[in-house]
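Report on the structure given below.
We did not get these values from a lab; they are worked out from the coordinates using the rules stated. Since this is a predicted model, take the numbers as computed values, not measurements. No Cβ is skipped: glycine too gets one built from the backbone with ideal geometry, and neighbour counts run over all protein chains shown.
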Amino acid sequence: MKKIIALILVTTFQSCYSQKKEETKTKGIAKTEEDWKKELTPEQYRVLREKGTERAFTGEYWDHFEKGNYVCAACNNVLFKSETKFESDCGWPSFDKAVEGSVKYNEDYSFGMVRTEVVCAKCDGHLGHVFDDGPQETTGKRFCTNSVSIKFIAEGKTTN
Ligand SMILES: [Zn+2]
């Protein structure tokens, strides 16, 4: 009898679990490349969808240090907070930490290098790369991010 109850519990749990998984799947952003092309500027499309890189020192935020949040330019997912931004002299906005769960990491072997690509966890948009040469007094990480992939929202303002 105990075994049966346990079995029922396990199956109930499993079906709940797979249902939940389905929901998250449908909640994910299901846009075609055509949709993205229409919504994003050509430069945003090149960087976010085609994993391009903006030229150093040309972006909007490399020397921008106001208080607020940086969200994904494609889907408004909150990615970085201004207090994690630091001056890195590399010409791109640099953060020592991403908002938990907001980004995903991919191994990137392009250009004969091994790098860790950072993408938005919600829309898979390319943000930049993370390196281990960040500030030692905090995390030691440097999230080297394209300005064009992010949007600054000043403290107290919302994305809408
Ligand atoms: Zn996004």
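Lys/Arg Cβ at +1, Asp/Glu Cβ at -1, dipole of region 49-119 taken about the Cα centre: which of 56, 68, 99 is farthest positive-ward?
Working it through, the farthest residue towards the positive pole turns out to be 99.
Of 104/157; 37/122; 31/157; 122/151; 37/104, which pairs sit farther than 20 Å apart, going by alpha carbon to alpha carbon?
On the way: 104/157 26 Å; 37/122 17 Å; 31/157 27 Å; 122/151 15 Å; 37/104 22 Å.
Table pairs above 20 Å Cα-Cα are 104/157; 31/157; 37/104.
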